[in-house]
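Notes follow the structure.
Computed from the coordinates by the stated procedures, all read-outs in this text should not be read as laboratory data. Quick caveat: nothing in here was measured; it's all calculated off a predicted structure. Note: ideal-geometry Cβ built from the backbone for every residue, glycine included; neighbour counts use all protein chains shown.
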Amino acid sequence: MIAERDDILDRLLDSLGDCLNEQSARKILAFRADKATRAYVEDLANRNTEGELTAEEKRRYEAYVWFGDFVALLQAKARARVAKRRKALSK
């Protein structure tokens, strides 16, 4: 079941990656959370490790982790898009 969901996620991300032009791919690659957000999520991560989060903080932390994973996957697709473009231009 998990492998099936991974296949579906891969297909969805591939389709989303096909929507990227070089400019949008580069913007996605440059995306970073601001310093205050990174510090807040790091604090949540540390407190999560210690088992100190409230139920609401845990819900938010899990959402931030999910979003970070999604952005990382999208950035991987963007990197592939930029590399493909570079390869096509070098021919």
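Results, tabulated for the structure shown:
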item	result
Theoretical gain in end-to-end length, residue 85 to residue 54 [0.36 nm per residue, Cα-Cα removed]	6.5 nm
Exposed-site-free run, longest, the chain (rule: GluC sites (Glu not before Pro); DSSP loop; at most 16 other C-beta within 10 Å)	1-49
Rg ratio (alpha-carbon, reference 2.2 N^0.38 Å) - the chain	1.38
Angle between the chain longest axis and helix 2-18 axis [Cα atoms, degrees, rounded to 10]	50
Local electrostatic count at residue 37 - Lys and Arg +1, Asp and Glu -1, tallied over other residues with Cβ under 14 Å	+1
